[in-house]
Amino acid sequence: MDMDAAVSTLTALSVFASTVEQAAFRSVHGYRVIGRKDGKWVRWERWVERQFLLSLSGARCLEVPVPAASPRILMAGWHGRPVFREGQTVGTWRCIVAFDSVAAVAPSSPPPPVLSPAVNPQLERLPNLYKDLQKVFQFPKVEKVPQRCGAKEQPIHSDEAGSSGSDSDGDPQSDKELVPPVQKQPRANRKHIDSITLDEIAQYFHLPIREASKTLKIGVSILKRKCRNYGIPRWPHRKIKSLDSLISDLEFVLEDDEEDKQQELQQLEEQQQAAAIKALTKRKMLLESEKETLQQKPASDLMTETKQFREDVFKRRYRAKSSVMEMEAAGHTAEASLGPDD
């Protein structure tokens, strides 16, 4: 295996807090690794379990080995792909952050204070955890502005760094005058919040929850609370987006160019063609029906058959991408063997 050519991509991250030991945390990281083996591109998954001591006070902030005698979250001999949910308990560990791009598991935002660099700057001393949290939550870049002697350094966002300069003549109040007042976002009117119905919320299921909350002119936490009151535990945007992608793929096959259809018709018997088109049309109708059901009952899960179909589509896309990469690699090899032109 050519490890230098291997590329790792984070696909899952779950963070667990101990229910018996304060400041003890564990994390489970899932990576999709693509590398070359025997001249071919192959893909596999790598899972890592880590343990940390972390507190808001900053007194403890370090990664420690997972005790050999301690029960693992990733138990020995486990098979398949582990999927965790926030609030799930594994032994003495409770999941507080869960992200999985393959299983469409989205974490609650913002993260707990102990896992937020804006609240707990010591988190950056744990690069294995901080870097993967950064990929999931996209934390804004924070810089430190030097203050007068004896003053503590205040973290500010990078877009504010350019306005920290001063032409002060030494007046201790001058720095305060240069700082713009914080504009607090006005709270939504209680009557407006109470007047929002489930039908109004359902119109924005196709949007990410932040965009939906802005359109409805309420906060994300308020929208989440309204959804829970209506029996919707999770915002269904990812499920609907996944169904739209599958429907689009089928429409592409059904609405292909006439010339391509003629070439396929020459290769298949009439009966096989009709059966294939009928099956694709039926599948598209089932997906559209399931999408309508999901919009009416967003708490429901995707059908097992749909999940299997989605997995088959992902595999087909990956094989197509791998074929293109192999063809490009072969082309580069051929060009290199020809050498420069005379």
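The values are calculated or read from the model by the stated rules, or taken from the named source; none is laboratory data. Here the structure is a predicted model, which means the values were calculated and not measured. Quick reminder, even Gly has a Cβ in these numbers, built from the backbone with ideal geometry, and neighbours come from all protein chains shown. Calculation scope for accessible area: heavy atoms of the full protein, side chains included, ligands and nucleic acids excluded. Shrake-Rupley method; radii C 1.70, N 1.55, O 1.52, S 1.80 Å.
Cβ-Cβ contacts under 8 Å between residues 6 or more apart (or on different chains), taken from a first residue in the stretch 74-97 that is of a type in the set (A, V, I, L, M, F, W, C) to a second residue that is open to solvent by 60 Å² or more (accessible area, probe 1.4 Å), are listed as Trp93/Thr19; Cys95/Arg85; Cys95/Gln88; Cys95/Thr89. When Pro110 is tested against (1) under 23 Å from Tyr318 (Cβ atoms); (2) part of a loop (DSSP other than H, G, I, E, B); (3) in contact (Cβ under 8 Å) with a residue 12 or more places away in the chain, just one condition goes unmet, and that condition is (1). Exactly one residue out of Val97, Val28 is touching a Pro at 6+ places or on another chain (Cβ under 6 Å) and either more than 30 Å from Pro208 (Cα to Cα) or not small (Gly, Ala, Ser) (or both), and it is Val97.
The residues of the stretch 282-300 that are within 14 Å of Leu246 (Cβ to Cβ) and hydroxyl-bearing (Ser, Thr, Tyr) amount to a single one, Ser289. If you filter the stretch 57-83 down to residues that are surrounded by 12 or more Cβ atoms within 10 Å (Cβ to Cβ) and more than 16 Å from Val28 (Cβ to Cβ), you find that the one that is nearest to the chain's Cα centre (by Cα) is Cys61.
Of all residues in the stretch 41-56, those being open to solvent by 80 Å² or more (accessible area, probe 1.4 Å) and either part of a loop (DSSP other than H, G, I, E, B) or among the polar types (S, T, N, Q) (or both) number 1.
Scanning the stretch 19-40 for residues that are surrounded by fewer than 16 Cβ atoms within 10 Å (Cβ to Cβ), in contact (Cβ under 8 Å) with a residue 60 or more places away in the chain and in a strand (DSSP E or B) yields a single hit, Lys40. The listed residues are Arg310, Arg316, and the only one of them that is at pLDDT 75 or above, open to solvent by 80 Å² or more (accessible area, probe 1.4 Å), outside any loop (DSSP other than H, G, I, E, B) and charged (D, E, K, R) turns out to be Arg316. Taken over the stretch 201-243, the criterion of being outside any helix (DSSP H, G or I) and in contact with a Phe, Trp or Tyr (Cβ under 7 Å, 6 or more places away or on another chain) is satisfied by Pro236 alone.
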